[in-house]
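To start, the structure itself, in structure tokens.
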Amino acid sequence: AVVRGFDVRAAAAEQIEAMGASFLRVDFEEEGSGAGGYAKEMSAEWHAAARKMLTKQCAECDVVISTALIPGRKAPILVTKEMVDGMGAGSVTVDLAAEAGGNIETTVRDARIVTDNGVVCLGYTDLPSRLARTASDLYSNNITKFFLAIGPFTTKVKDEFLIDYADEAVRPMLVLDHGELTWPPPPPPEKPKAATPSAAEAGGSDSKVAEKAVVALSPYDRDLRSAGYATAGTMAFLGLGSGVAPPILSTFALSTVVGYYSVFNVVPALHSPLMAVTNAISGMTAAGGLVLVGGGLFPHTTAESFGALATAISTVNIVGGFLVTKKMLDLFKRDTDPEEHLYLYGIPVAATLGAYGIAGLTGLGDLTAPVALLSGLACIGGIAGLSSQTTARMGNILGQAGVTLGIAATLGHLNPDPGTAVQIAGLLGVGGAAGYAIATRVSPTELPQTVAAFHSLVGLAAAGTAIGEYAHLVEAAGGTAPAVMDTVTATSLYLATWIGGITATGSVVAFGKLNGNLGSAPLALPGRDVMNIGMGIASIGAMGLFIAHPSPTTGFAALGAAAGLSGALGLHMTASIGGADMPVVITVLNSYSGWALCAEGFMLDNPLLTVVGALIGSSGAILTHIMCEAMNRDIFNVILGGYGSTAKASTSAKALDHGEHTEITVDETAALLADASSVIIVPGYGLAVAKAQYAVAEIAKALNDKGVKTRFAIHPVAGRMPGQLNVLLAEAGVPYDVVFEMDEINDEFPETDVALVIGANDTVNSAAVEDPDSIIAGMPVIEVWKAKQSIFMKRTMGSGYAGAENPVFFKPNNAMLLGDAKTTCDALRAKIAA
């Protein structure tokens, strides 16, 4: 027999060849050894080269035995169905990795099947019990060979063994040598280790104590100890940091850089929670509003009224945003995840607030600056925590801690009188109750429009605080031009008003489009670019007038112009953006809310607001960049409301005479899915609208139970908000390790039997790569048409959100399963489960 061996680890070549087999090598250099001598996961390039080599070898071999495993991971597919199809009739495959999913694509766990071309495929997971005699023979053969290796018998003298004491296999097995005890063996010389005392030497009890000492901490004790460390750290920080006042410009620069790097580490599946948590943190505009609150139980001046309004609506954002984030992150939890007691991190927060209060009441020192700095650091940690599933919930807790400390530092600095303190408590209570009520009613489907609505509150709060601050300065100057307002303050005040205005109105329009109150088509008024430029120039003129320190009347007029012009720009530019670009609009508005808060920080000379604002502004900008890359959109074109663009003629699939589409029934679809070896499900916003995620999750589970490899493919901008589809699937209990991003799975469609598209259109439209005149030309899409069979589940043959026809509907390997997504999915689930 000709025997060939294959392994990703180069070290295995010597072992394979020593047993008389030839070692198969892949024409691609990559070391496959991982920790503990196990194999590691190889690159896509290596797998491509390995497939080429194995396809040829399978065609030449009669028996293929596989046993490739990666600790803690699903077994890799090394032998595809096409390779098995190339084997001769009567050939056999034995998959010893069947228990972990199998290395051979045709393997069915605990079953023997025969393929259409006559190949017998064994997927038994109990082979040792089936081969008891063979296993015994192999074991006895190993023992015999071991005894032969002890000598070897080369002395030719009867009963004389030549024992190799240096052999690492022989020496540990040697117990007696000429009557002398030789066990346990001495430790290897290259790794000296102190001898372990026996129970008698140690008195017996000490060894038992040592055993108990290595018992792992419970989840509660682990988190309690970590919270204790955090408490000690914050106390030390407060003791050393009294009087810290970093330069605000340096603070701004560093925060921007931190925000930049933090967001790049966030996985796409967590982009929705990221948007929600940054939205909640941007509610720190409440700190700016608190500065203006006064007058006792009720506000009495214009400035105090604006401050009260800003405080209340910002609190809606804070409570609602963090609660929405928690709801989303809880959806990603799995039954196998370890326990968490994150509420214990309230201990260091309470300790910090207690120490801050005691220091202020006893005159030990003003700790406002270090508490504010702790707030900023916690907000940074909150965003950075969204980088992975394991730390995301901790990130939400850190964000909450940061905002809590920030509000506390502001109140401590202001030291309000009892009447004003009651007013503040009322404002925070009313805003918090409203945020809680909104967040508890929000479903995953409504997340995009909810986030847009929350953004409008941040913009309104920032603009209100800026106008209120100017009114306060005028009131303090006795109704004359404020002499204390320098150029930096005036510029910041104007920008806070202008950015806040454009954020507020733009978010309202975005909410209307996402909620279905407004049409998704872009508004294309004649001369829209000229209109936008004109309003931009007028805004710059009003800014110059305001900075020139005019009279209060002119100053208020300039700020009014800023609010009006920016509001009009927000309305017009957002309305001019098509529905397909709404995911980008959401991230842009998120960035705007951060820069509005940052301008507020400069205006009030508040480093905390500058830190948080720069952090959110830069993170939103980077997320916008990521979204634009995913949609092949020019970021400035989107931000400026489609400036300089002209609508492309959307090429109609029917106009190009692609022929008639093919329809398929539920029964036929169920049969195709059940007979497939691999299925990729591509969900879209239609799935969210139909609330069909639970039925789809059950379809995927049923297929996996039948041995059909089933995965999900998610486009970066699927839905109406980055990461929304990931949240919906998590809500339905789909494990996130079978949900892949577009770039991770696009290359696997040619080897996929069925691609099932549910409620998606633009993100799977082949016109993006085939039709240069399409409105979505150049947009990266999920290439479902490359699968052996694609099936679209849609209500009608209508175009997608972008208004572009989809040629995939008419391709020969595609079929349309028309009807309501929820009803069709329920019927399909029942058929597959039957």
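The values are calculated or read from the model by the stated rules, or taken from the named source; none is laboratory data. These numbers come from a predicted model, not from an experiment. Virtual Cβ from ideal backbone geometry, glycine too; neighbours counted across all protein chains shown. Surface areas here come from the heavy atoms of the whole protein model, side chains and all, with no ligands, DNA or RNA. Shrake-Rupley method; radii C 1.70, N 1.55, O 1.52, S 1.80 Å.
Things to note:
- For the stretch 288-384, taking the reciprocal of the average inverse distance between every pair of different Cα atoms yields a Kirkwood hydrodynamic radius of 16.8 Å.
- If R0 is taken as 30 Å, the Cβ-Cβ distance between L545 and D605 corresponds to a FRET efficiency of 0.80.
- Counting only DSSP H runs of at least 4 residues, each contributing -39500 (n - 2.57), and dividing by the residue count of the chain, the helix-based mean residue ellipticity at 222 nm comes to -17500 deg cm²/dmol.
- Angle between the chain longest axis and helix 368-384 axis [Cα atoms, degrees, rounded to 10]: 50 degrees
- Between I537 and L353, the contour length at 0.36 nm per residue exceeds the alpha carbon distance by 61.5 nm.
- Taken over the stretch 513-583, the percentage of Cα pairs per 10 Å bin, counting from 0 up to the bin with the maximum distance, is 19, 38, 25, 15, 3.
- Placing +1 on the Cβ of every Lys and Arg and -1 on the Cβ of every Asp and Glu, with no other charges, gives the stretch 297-417 a dipole of roughly 240 debye about its Cα centre.
- Considering the stretch 247-344 at the alpha-carbon level, its Rg and Dmax are found to be 18.0, 57 Å.
- Length gained when the stretch L297-R334 is fully extended (0.36 nm per residue, less Cα-Cα span): 8.5 nm
- Rounded to the nearest whole Hz, the Karplus-based 3J(HN,Hα) values (6.51 cos²θ - 1.76 cosθ + 1.60, θ = phi - 60°) of the stretch 131-146 follow the sequence 10, 4, 5, 5, 5, 5, 4, 5, 5, 5, 5, 4, 5, 4, 5, 5, with x at glycine and proline.
- The modelled label-to-label distance for the pair D705/A135, using points 7 Å beyond Cα in the direction of Cβ, is 3.0 nm.
- Each residue of the stretch 280-291 is assigned a 3J(HN,Hα), and the resulting list reads 5, 5, 5, x, 4, 4, 4, 5, x, x, 4, 4 Hz, derived from the Karplus form 6.51 cos²θ - 1.76 cosθ + 1.60 (θ = phi - 60°), x at Gly and Pro.
- Normalised by the number of residues in the chain, the average gap of Cα pairs under 8 Å and 6 or more apart makes the relative contact order 10 percent.
- Unit charges at the beta carbon, dipole of the chain: most positive-side option, P735, T106, A538: A538
- Base-10 log of normalised Debye intensity for the stretch 679-762 (one unit scatterer per alpha-carbon) at q = 0.14, 0.22 Å⁻¹: -0.41, -1.06
- Cα-derived Rg to Rh of the chain, Kirkwood definition: 1.07
- Only Lys, Arg (+1) and Asp, Glu (-1) charged, at Cβ; the stretch 72-148 dipole about Cα centre in debye: 280 debye
- The gain in end-to-end length when the D743 to M235 segment is fully stretched comes to 178.3 nm, 0.36 nm per residue minus the alpha carbon separation.
- Ordering of 601-612, 81-92 by burial proxy (mean other Cβ atoms within 10 Å per residue, highest first): 601-612, 81-92
- Taking a ≥ b ≥ c as the square roots of the eigenvalues of the Cα gyration tensor, the stretch 363-520 is oblate, since a/c reaches 1.5 or more and a/b is not larger than b/c.
- For the peptides 742-753, 306-317, the ranking by mean Cβ contacts within 10 Å, running from highest to lowest, is 306-317, 742-753.
- Amide H contacts under 5 Å for A10: G32, S33, restricted to partners 5 or more places along the chain or on a different chain, H placed in the peptide plane at 1.01 Å from N.
- In the complete set of protein chains, residue-level accessible area for T301 is approximately 50 Å², probe 1.4 angstrom.
- Of all beta bridges that DSSP places with both ends in the chain, some 15 percent have antiparallel geometry.
- Rounded to the nearest 20, the Cβ-based charge dipole of the chain about its Cα centre (Lys and Arg +1, Asp and Glu -1) stands at 1260 debye.
- Among the listed pairs K333/K811; K786/K831; K709/K811, a Cα-Cα separation exceeding 31 Å is found for K333/K811.
- In nm, spacing of pseudo-spin labels at A830 and L127 (7 Å Cα→C-beta vector): 4.3 nm
- Binned Cα-Cα distances of the stretch 726-799, short to long, each 10 Å bin given as a whole percent: 18, 44, 34, 5, 0
- A crude spin-label estimate for the pair E180 and D529, with each label 7 Å from Cα along the Cβ direction, gives 9.6 nm.
- Taking amide hydrogens as placed 1.01 Å from N in the peptide plane, the amide H of I681 sits under 5 Å from those of R711, F712, A713, L756, each at least 5 positions away in sequence or on another chain.
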